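K.L.:
Dropping a structure here in structure tokens format, bear with me for questions.
Throughout, read-outs are computed from the coordinates displayed, never taken from laboratory work. Owing to the predicted nature of the structure, the values given are computational and were not obtained by experimental measurement. Virtual Cβ from ideal backbone geometry, glycine too; neighbours counted across all protein chains shown.
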Amino acid sequence: MLQSQVLQNLAGCDEYIQHTNRVMRTVSEFCVRELRSVGVKVAAPQGGFYMFPNFDVIRPALESRGITTGQAMCDFILEDISVALLPGGPAHNRPAHELTARLCFVNFDGALSLAESRSRGLSKSLDDDFVKDFCAPLYGGIMVLKKWVAKLRKEQGETSLCVNGETH
């Protein structure tokens with residue numbers, strides 16, 4: 001009897017892991033795709049719950065404001081658009097002048113997103129609408145950050161950036 005219960009619990013663990021991995025993969029792919037769409041360099045995470053975007057694409061706009069370090073950039077982002085990022089350097093072993101940040105992508109209700117993933121079943125994929133509807137705080141933060149980068153790129157004289165289907 002005990003062995004049967006253990007096997008049932010293990011099956012539940014496998015299902016939980018599959019759904020949580022799927023949710024996190026969907027969220028990370030969304031973040032990477034949206035940031036890359038405005039020129040931010042970011043490697044796709046292979047696991048975990050954070051990524052390390054490089055905002056060098058907006059360095060001229062930041063420097064025109066006297067912002068030359070990752071810390072100053074993260075402070076400005078928090079003040080300007082209320083998105084919290086941790087600077088890449090020096091705490092994460094990057095040079096202070098590098099415009100990198102640690103972006104944690106778990107700002108959403110995990111229980112809600114997990115329940116929705118389970119209700120859809122593993123055979124049905126998760127998409128951007130899933131992120132928008134079930135990971136709303138994260139979705140909103142990424143979209144605000146994306147629009148902010150596009151605005152700064154436009155200030156630098158760059159044109160024809162497409163953000164949310166709109167050319168800026």
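K.L.:
Test of understanding: extend the Cα→C-beta vector of F49 to 7 Å, then name every residue of the range 111-130 with backbone N under 17 Å from that spot.
P.N.:
Counting backbone N atoms under 17 Å from the label point, the list is 111-117.
K.L.:
Right, here's the next one. With angles folded into 0 to 90 degrees, how steeply does helix 2-36 sit against the dominant principal axis of the chain? Use alpha carbons for both and round to 10.
P.N.:
For helix 2-36, the angle is close to 20 degrees.
K.L.:
At R0 = 30 Å, how high is the FRET efficiency between S125 and A84 if r is their beta carbon distance? Nearest 0.05 is fine. Don't skip to the end; give the middle numbers.
P.N.:
Details: r = 30 Å, r/R0 = 0.99.
The computed FRET efficiency comes out at 0.50.
K.L.:
When the Kirkwood radius is taken over all Cα pairs of the chain, what Stokes-Einstein diffusion coefficient follows at 10 °C and 1.306 mPa s, in µm²/s?
P.N.:
91
K.L.:
Work out the length of the dipole vector of the chain about its Cα centre, built from +1 on the beta-carbon of each Lys and Arg and -1 on the beta-carbon of each Asp and Glu, and round it to the nearest 20 debye.
P.N.:
Working: 18 positive and 19 negative charges, 51 e Å.
Magnitude of the dipole: close to 240 debye.
K.L.:
For the pairs K124/K147; K124/K146; K41/K132, flag any whose C-alpha to C-alpha distance is greater than 25 Å.
P.N.:
K124/K147; K124/K146
K.L.:
Can you give the relative contact order of the chain as a percent, counting alpha carbon pairs under 8 Å and 6+ residues apart? Display every interim value, and only then the final one.
P.N.:
Working: 209 pairs, mean separation 39.9, N = 168.
Relative contact order for the chain comes out at 24 percent.
K.L.:
Which residues' amide hydrogens lie under 5 Å from the amide hydrogen of V83, considering only partners 5 or more residues apart or on another chain, with H built in the peptide plane?
P.N.:
Result for V83 returns L78.
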